[in-house]
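No lab work stands behind these numbers, since they all come straight from the coordinates. Just so you know, these numbers come straight off a predicted model, no measurement behind them. Every residue, glycine as well, gets a Cβ built from its backbone with ideal geometry; the counts of neighbours run over all protein chains shown.
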Amino acid sequence: MSSRKPKAPGVVTFAAVLFTIGGFFHGIEGLGAIFKKEYFNEATMLYSNLQVWGWTSLILGVMQISAAYLIIGRATSGRTLGIVVASISAIATFFSIEAHPLGGVLLIAIDVLIIYGLTVHGDAFVPGGIDDGPVAPPPEMSGRPFA
């Protein structure tokens, strides 16, 4: 039996990258809502307090980037947090879709792809995540150069 750890499927890594991108999108949107309110049309939004929405979006972005870090480490908690945060992100984005339709649809699509990647490839996650140990034992020399 080898001590080699299984590689994370590409879809899991893809989900982590998408989470990072979505986190930055939410963070930029949150900072815009906090500091540059003139970029948003409050009449088309479901909520009236742009300050609260900005902080909510900013916190959601930070949570998404944190979940991406845990997903890269293949921690089960990262998978669970990822599914929950992606779901919350999709719902929150739906409520603000009138303010930025193209960006909203893009973020919802990213969240759906993240949920897909994390649910379909749940076997790539381990309870404690991966550690920093060696990936494979050193190769044994056979005595022949190209054996």
Taking E98, E38 and counting other C-beta atoms within 10 Å, the order from fewest to most: E38, E98
Charge tally in the Cβ shell below 12 Å around A16, where Lys, Arg are +1 and Asp, Glu are -1, A16 excluded: +2
Per-residue Cβ neighbour rank within 10 angstrom, fewest leading, S89, S57: S57, S89
F14-L31 pseudo-label distance in nm [points 7 Å out on the Cα-to-Cβ vector]: 2.9 nm
Ascending count of other beta-carbon atoms within 10 Å, so fewest first, for F19, F35, F94: F35, F94, F19
